[in-house]
Amino acid sequence: GGNTVVNDTTTVVTVSAGGSGSLTGTTRATASQGRVTFTDLAFSKAETVTLTYATPSLPLTAQSLTVAVGPPARLLVSVPASGAVATLPFTTQPKIAVADLGGNTVTTASSVVSAASLQGSL
């Protein structure tokens with residue numbers, strides 16, 4: 001460990017993330033009383049990512065972070081229906097995923113999803 005340099009108000013730290021998703025928010029912050037605080041960082045995919053913090057004047061540091069799936073927010077077609085012939089079951093039945101805002105499947109969702117036709121009847 002080390003001591004906090006409380007009079008440091010000039011060090012600028014940037015954060016980046018490794019993973020298949022995107023890091024959003026303000027990724028650059030300036031020290032205040034020897035501490036750099038990020039206030040609005042978010043990651044788009046539920047996975048384990050590495051956050052790397054860097055500044056030109058100091059060695060970089062990193063941390064591993066597990067990003068959890070968010071709450072249900074939308075439906076996604078994971079397998080589209082195909083092979084439609086009038087009055088017969090589709091040869092490929094559709095599969096719908098309940099997903100969070102990042103498109104991650106919410107495996108704990110127990111939502112009831114209904115099929116409806118915008119034209120005619122099912």
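What number of residues within segment 61-92 are of a type in the set (Ser, Thr, Tyr) and touching a Leu at 6+ places or on another chain (Cβ under 9 Å)? Spell out how you get there, then give the answer.
Within segment 61-92, the subset of a type in the set (Ser, Thr, Tyr) is 61, 64, 66, 78, 82, 87, 91-92.
Filter once more, so that each one left must be touching a Leu at 6+ places or on another chain (Cβ under 9 Å): 64.
Residues that pass the stated criteria total 1.
Filter segment 24-69 down to the residues that are within 14 Å of the chain's Cα centre (by Cα) and not hydrophobic (A, V, I, L, M, F, W, C) and list them by number.
Answer for segment 24-69, where residues must be within 14 Å of the chain's Cα centre (by Cα) and not hydrophobic (A, V, I, L, M, F, W, C): Thr24, Gly25, Asp40, Ser44, Lys45, Glu47, Thr48, Thr50, Thr66.
From the list Thr37, Thr30, exactly one residue is of a type in the set (Ser, Thr, Tyr) and without any contact (Cβ under 8 Å) to a residue 12 or more places away in the chain. Which is it?
Among Thr37, Thr30, only Thr37 is of a type in the set (Ser, Thr, Tyr) and without any contact (Cβ under 8 Å) to a residue 12 or more places away in the chain.
Name every residue in segment 34-53 that is in a strand (DSSP E or B) and open to solvent by less than 60 Å² (accessible area, probe 1.4 Å), in order of residue number. I'd like the intermediate steps shown before the answer.
Start the filter on segment 34-53 by keeping residues that are in a strand (DSSP E or B), which leaves 35, 42-43, 48-53.
Those that are in a strand (DSSP E or B) and open to solvent by less than 60 Å² (accessible area, probe 1.4 Å): Ala42, Phe43, Val49, Leu51, Thr52, Tyr53.
From Ala42, Ala84, which residue is touching a strand residue (DSSP E or B) at 6+ places or on another chain (Cβ under 8 Å), at pLDDT below 95 and not acidic (Asp, Glu)?
Ala42
Take the residues of segment 1-33 that are at pLDDT 85 or above, assigned to a loop (DSSP other than H, G, I, E, B) and over 25 Å from Gly103 (Cβ atoms): which is most open to solvent (accessible area, probe 1.4 Å)?
Taking the candidates together, the pick is Gln33.
So which residues in segment 54-67 are in a loop (DSSP other than H, G, I, E, B) and surrounded by 10 or more Cβ atoms within 10 Å (Cβ to Cβ), if there are any at all?
First pass over segment 54-67, keeping only residues in a loop (DSSP other than H, G, I, E, B): 56-57, 67.
Listed by number, the list holds a single entry, Val67.
Filter segment 102-116 down to the residues that are modelled with pLDDT under 90 and open to solvent by 50 Å² or more (accessible area, probe 1.4 Å) and list them by number.
Correct list: Ser110, Ser111, Val112, Val113, Ser114, Ala115, Ala116.
From the set of residues in segment 79-92 that are surrounded by 12 or more Cβ atoms within 10 Å (Cβ to Cβ) and in contact (Cβ under 8 Å) with a residue 12 or more places away in the chain, which is nearest to Lys45 (Cα to Cα)?
So in segment 79-92, the residues surrounded by 12 or more Cβ atoms within 10 Å (Cβ to Cβ) come out as 81, 90, 92.
Pick out the ones that are also in contact (Cβ under 8 Å) with a residue 12 or more places away in the chain and you get 81, 92.
Working: Ala81: 26, Thr92: 28 Å.
Step by step, filter segment 79-92, then rank; the result is Ala81.
The values are calculated or read from the model by the stated rules, or taken from the named source; none is laboratory data. Here the structure is a predicted model, which is why all the values come from computation and not from measurement. Don't worry about glycine lacking a Cβ; one is built from the backbone with ideal geometry, like all the others, and counts go over all protein chains shown. Ligands, DNA and RNA are stripped out before the accessible areas are found, and what is left, the full protein with its side chains, is counted by its heavy atoms. Shrake-Rupley method; radii C 1.70, N 1.55, O 1.52, S 1.80 Å.
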